[in-house]
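Have a look at the structure below before the remarks.
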Amino acid sequence: MSKSNISLLETAHFRFALIAPVIQGTYSDTSASAYYRRVTKKPLTLPDGSLFHYQPGTLEKWVEYYKKGGMDGLMPKVRSDKGSTRTLTDTAICTVLI
């Protein structure tokens with residue numbers, strides 16, 4: 001397995017660890033929304049060691065992704081335009097500048 005695939009899998013496991021109490025119904029908060037707010041109150045340490053502050057809605061999306069696709073649904077998607085340069089056409093540039 002390549003390093004990038006391992007990283008994607010680590011990210012999926014990280015995401016699952018955060019939403020598992022909701023999936024399994026084991027959170028002690030009054031609601032799933034309250035759980036999301038509590039968990040995202042402070043920045044979280046990502047698998048690569050960096051800190052990131054998520055919004056509660058992000059965890060809600062992850063639950064939906066998990067319900068639709070299991071662990072594969074939690075894997076980050078690689079952008080289809082990754083590595084390509086996105087540029088404006090000359091017409092668009094003129095429109096913006098006018």
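The values are calculated or read from the model by the stated rules, or taken from the named source; none is laboratory data. This is a predicted model, so every value here is computed, not measured. Glycine also receives a Cβ, built like all others from the backbone with ideal geometry; neighbour counts cover every protein chain displayed.
Couple of notes before you dig in:
- The set of residues in the stretch 22-48 that are more than 16 Å from ALA12 (Cβ to Cβ) and of a type in the set (D, E, K, R) comprises ASP29, ARG37, ARG38, LYS41, LYS42.
- Evaluation of TYR66 against the conditions (1) touching a residue at least 40 places away in the same chain (Cβ under 8 Å); (2) part of a loop (DSSP other than H, G, I, E, B) shows that the sole unmet condition is (2).
- LEU51 touching a helix residue (DSSP H, G or I) at 6+ places or on another chain (Cβ under 7 Å), closer than 20 Å to HIS13 by Cβ and not aromatic (Phe, Trp, Tyr): no
- Being loosely packed, with under 15 Cβ neighbours inside 10 Å, in a helix (DSSP H, G or I), among the charged types (D, E, K, R) and modelled with pLDDT of 95 or more is a condition met by no residue of the stretch 39-59.
- Residues that are closer than 21 Å to LYS67 by Cα, surrounded by 15 or more Cβ atoms within 10 Å (Cβ to Cβ) and modelled with pLDDT of 95 or more occur in the stretch 26-34; there is at least one.
- Residue in the stretch 78-86 that is at pLDDT 95 or above, among the charged types (D, E, K, R), loosely packed, with under 11 Cβ neighbours inside 10 Å and assigned to a loop (DSSP other than H, G, I, E, B) present: no
- Residue that is nearest to MET75 (Cα to Cα) [pool: residues in the stretch 2-38 that are in a loop (DSSP other than H, G, I, E, B) and among the polar types (S, T, N, Q)]: SER2
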